[in-house]
1. Please name which of 129, 60, 28 has its Cα lying farthest along the dipole of the chain towards the positive end, using unit charges on Cβ (Lys, Arg +1; Asp, Glu -1) and the Cα centre as origin.
2. Given R₀ = 25 Å, what would the calculated FRET efficiency be for residue 64 paired with residue 29, taking r from the Cβ atoms and rounding to 0.05?
3. Convert 25 °C to kelvin, take the viscosity as 0.890 mPa s, use the Kirkwood radius over C-alpha pairs of the chain as Rh, and evaluate the Stokes-Einstein diffusion coefficient in µm²/s, rounded to a whole number.
4. Would you give the gap between the C-alpha center of region 146-183 and the C-alpha center of region 26-54, rounded to a whole Å?
5. Which of 119, 139 comes first, and how do the rest follow, when ranked by fewest Cβ neighbours within 10 Å?
6. Sort 16, 60 so that the residue with the fewest other Cβ atoms within 10 Å of its own Cβ comes first and the one with the most comes last.
7. Could you order peptides 48-57, 75-84, 93-102, 34-43 by the average number of other Cβ atoms within 10 Å of their residues, highest first?
8. Quick one: grab the alpha carbon gyration tensor of region 57-97, order the square roots of its eigenvalues as a ≥ b ≥ c, and give me rounded if a/c is under 1.5, else prolate or oblate depending on whether a/b is larger than b/c.
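Derivation of every value follows stated rules applied to the coordinates shown; laboratory data play no part. Only a predicted model underlies this, so the values are computations on that prediction, with no experimental measurement involved. We place every Cβ from the backbone using ideal geometry, glycine too, and count neighbours over all the protein chains shown.
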Amino acid sequence: MSQSALADWLARLTPVDDAPLIAVWGEAHRLERRFYATPEAPPDDLVSSVRAVMFRKSAVMVVRDHDGSGHIMPGGRRESGETQEDALAREIGEETGWRFETARRFGFLHFRHLTPKPDGYAYPYPDFFQTLHVVEATDHDRRRIVRDDWETHSRMTPIARALTAVRNEQQPILRLAVAARGL
């Protein structure tokens with residue numbers, strides 16, 4: 001999709017956030033992030049990562065990062081040739097040990113690089129997307145977890161408590177995921 005076609009497509013949608021969030025990746029790369037709550041799918045070739053808000057009964061998964069912060073969107077990058085669904089199942093298993101029922105997309109995060117393309121960067125540039133899904137956890141096995149330098153642990157947490165445990169910019173995502181869950 002051309003940059004102008006992508007801009008036209010995004011212009012038809014309304015972001016949830018009032019203004020873009022500026023995120024810093026690494027030491028020098030700045031990105032603009034917008035959150036869209038829509039079942040519309042972004043162009044698949046620009047989806048570099050998939051994420052899910054995972055529920056089990058009246059609890060939601062909260063993942064703790066190496067810096068002590070919490071987030072409610074386990075997931076990660078797609079591997080070469082991997083579908084979004086396969087990447088989501090693999091990433092959720094590696095980060096939390098859980099499996100889940102069918103994923104339902106309820107939105108996406110749109111990122112735009114504000115700095116020059118990093119050397120060796122193999123992902124879509126300057127725009128890329130992370131799709132957001134709602135899933136219901138089914139069974140857990142710690143042996144599925146792959147430890148790395150990002151996440152330290154994860155836990156099912158009552159939804160009300162999770163709203164106070166995650167970063168402010170994730171609270172609207174959690175609220176909309178609860179609504180998209182439809183229970």
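1. 60
2. Numbers: r = 24 Å, r/R0 = 0.96.
Computed FRET efficiency for residue 64 and residue 29 comes out at 0.55.
3. On the way: Rh = 16.9 Å.
Rounded to a whole number, D works out at 145 µm²/s.
4. After rounding, the separation between the Cα centres reads 17 Å.
5. Details: 119 5, 139 9.
Ascending Cβ contact count within 10 Å gives the list 119, 139.
6. Working: 16 14, 60 26.
The most exposed by this proxy come first: 16, 60.
7. Numbers: 48-57: 22.1, 75-84: 14.7, 93-102: 18.2, 34-43: 16.2.
Put in order of decreasing packing, that is 48-57, 93-102, 34-43, 75-84.
8. Working: a/c = 2.94, a/b = 1.61, b/c = 1.83.
Here region 57-97 falls in the oblate category.
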